[in-house]
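What follows is one structure encoded as structure tokens, with my remarks underneath.
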Amino acid sequence: MDYPFFVPDWPIRKKVTEKYPDLKIINEQPTSFWFGSGRKTMKNVDKKVRRLLQRAEPYLPVLVLYSIPFRDIGQYSKGGERTFKAYRKFVKKFTEGIGDYAPIVIYEPDSIPHLSQFHHKDKFQRIDLMSYAVDYITNNSNALLYLDAGHPNWHKPKIISKHLKSVGVSKCRGFSINISNYYSTDYCMTYGKRISRLIGNKPFVIDTSRNGNGGLDEEWCNPPGRRIGEFPTTNTKDKLCDAFLWVKPPGESDGRKYKGKIAGRFDHIKALELINNKKNA
């Protein structure tokens, strides 16, 4: 049975859709909600999470926790909390907002794959910080927590499975693949199964929001010719894959490349391209 996800109500995007009706295909699909600090600290995260979950009832919302210090190792999606202490407080408030609800939570996209880029001391400090977050969320909420494993062209399964274990994947529902990326569902499914076998057959979810034509070499920033992928569903026809999700809302820019807007901004031109680009043969 396909579990009903929560479809967000984006007033600004609805207004754009009036001018560009083709965007309706995106706006009618459930997408995720990202929680994290950017140039400014996100305040009252507990209240924001709680309001969202109340609004979503009885549907299943997808939340993304994305506020770890030195996020994206200072690259295009840089930001997050300024200190480890502030991050622990953010995690607590985020978890308090969840309360007795049981949303899907994608934990810190790219942060676990990035562990390989830190030196010994910094690496283990971040593992401790992420382990704290995993412990706190799993001990104090009913969230379905998925640790992010990156994408198939990043780490070999043996390496990423070791990172996932170090942060506490055994305490989580599972892991996520392809967040904000473009690799095909079949490719991600194979990758996910190989990782799963190494961590006790944990299930996984795949971000299919923009993978309809697969990836373009190693390009991740608004690559041309891409297309929306499978619509969000729990009916994946594979017992190890819990769901196909639209974690990165189609149309949100990856950055300035290929005439894109600032990362995270909705770009109706990019959205229309994802809808109207032809399917690769």
* Take the residues in the stretch 168-179 that are touching an Asp or Glu at 6+ places or on another chain (Cβ under 8 Å) and buried (at least 22 other Cβ atoms within 10 Å of the Cβ), then tell me which one is nearest to Arg265 (Cα to Cα). => Ile179
* Structure fact -> Residue hits (the stretch 22-37; part of a loop (DSSP other than H, G, I, E, B) and under 16 Å from the mean Cα position of the chain (by Cα)) are Gln29, Pro30, Thr31, Ser32, Gly36, Ser37
* **Residue, nearest to the chain's Cα centre (by Cα), within the stretch 250-281, restricted to residues that are small (Gly, Ala, Ser) and in a loop (DSSP other than H, G, I, E, B)** => Gly264
* To do: Quick one: in the stretch 67-94, of everything that is surrounded by 19 or more Cβ atoms within 10 Å (Cβ to Cβ), hydroxyl-bearing (Ser, Thr, Tyr) and within 17 Å of the chain's Cα centre (by Cα), which residue is nearest to Pro152 (Cα to Cα)?
  => Ser77
* Among (1) hydrophobic (A, V, I, L, M, F, W, C); (2) within 24 Å of Gly229 (Cα to Cα); (3) out of contact with any Leu (no Cβ under 6 Å at 6 or more places or on another chain), where does Ile73 come up short? -> (2)
* Go through the stretch 96-202 and tell me which strands (runs of 3 or more DSSP E), entirely inside it, have 2 or more residues that are free of Cβ contacts under 8 Å to residues at least 40 places away in the same chain. => 174-177
* Structure fact -> Selection from the stretch 203-236 of residues touching an Asp or Glu at 6+ places or on another chain (Cβ under 6 Å) and either hydrophobic (A, V, I, L, M, F, W, C) or surrounded by fewer than 18 Cβ atoms within 10 Å (Cβ to Cβ) (or both) yields Val205, Cys221, Thr233, Thr234, Asn235
* To do: Could you tell me whether Asp100 is out of contact with any Asp or Glu (no Cβ under 8 Å at 6 or more places or on another chain), charged (D, E, K, R) and on the phi < 0 side of the Ramachandran plot?
  => yes
* Asked: Being among the basic types (Lys, Arg), free of Cβ contacts under 8 Å to residues at least 60 places away in the same chain and out of contact with any Leu (no Cβ under 7 Å at 6 or more places or on another chain), is that true of even one residue in the stretch 245-254?
  -> no
* **Residues (of a type in the set (Asp, Glu) and either surrounded by fewer than 22 Cβ atoms within 10 Å (Cβ to Cβ) or touching a His at 6+ places or on another chain (Cβ under 6 Å) (or both)) located in the stretch 243-280** => Glu252, Asp267, Glu273
* To do: Pairs only if they're at least six apart or on different chains, beta carbon under 8 angstrom, first in the stretch 47-71 and assigned to a loop (DSSP other than H, G, I, E, B) and of a type in the set (Val, Ile, Thr), second modelled with pLDDT under 95 and surrounded by fewer than 16 Cβ atoms within 10 Å (Cβ to Cβ); list them, first residue then second.
  => none
* **Residues of the stretch 4-28 satisfying the condition of being over 30 Å from Lys92 (Cα atoms) and surrounded by 15 or more Cβ atoms within 10 Å (Cβ to Cβ)** => Arg13, Val16, Thr17, Leu23, Ile25, Ile26, Asn27
* Selection count where residues are in a loop (DSSP other than H, G, I, E, B) and either at pLDDT 95 or above or over 14 Å from Leu274 (Cβ atoms) (or both), scope the stretch 226-249 -> 16
* **Residues of the stretch 189-202 that turn out to be buried (at least 22 other Cβ atoms within 10 Å of the Cβ) and in contact with a Ser or Thr (Cβ under 8 Å, 6 or more places away or on another chain), as a count** => 2
* Just wondering, is there one or more residues in the stretch 240-252 that are over 27 Å from Gln75 (Cβ atoms), of a type in the set (Gly, Ala, Ser) and touching a strand residue (DSSP E or B) at 6+ places or on another chain (Cβ under 6 Å)? -> yes
* Structure fact -> Taking the stretch 203-233 and keeping only residues that are without any contact (Cβ under 8 Å) to a residue 40 or more places away in the chain and either among the hydroxyl-bearing types (Ser, Thr, Tyr) or on the phi > 0 side of the Ramachandran plot (or both), one is left with Thr208, Asp217
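The values are calculated or read from the model by the stated rules, or taken from the named source; none is laboratory data. Everything numeric here is computed off the predicted structure, so don't read it as measured data. As a convention, Cβ positions derive from the backbone with ideal geometry for all residues, glycine included, and neighbour counts pool all protein chains shown.
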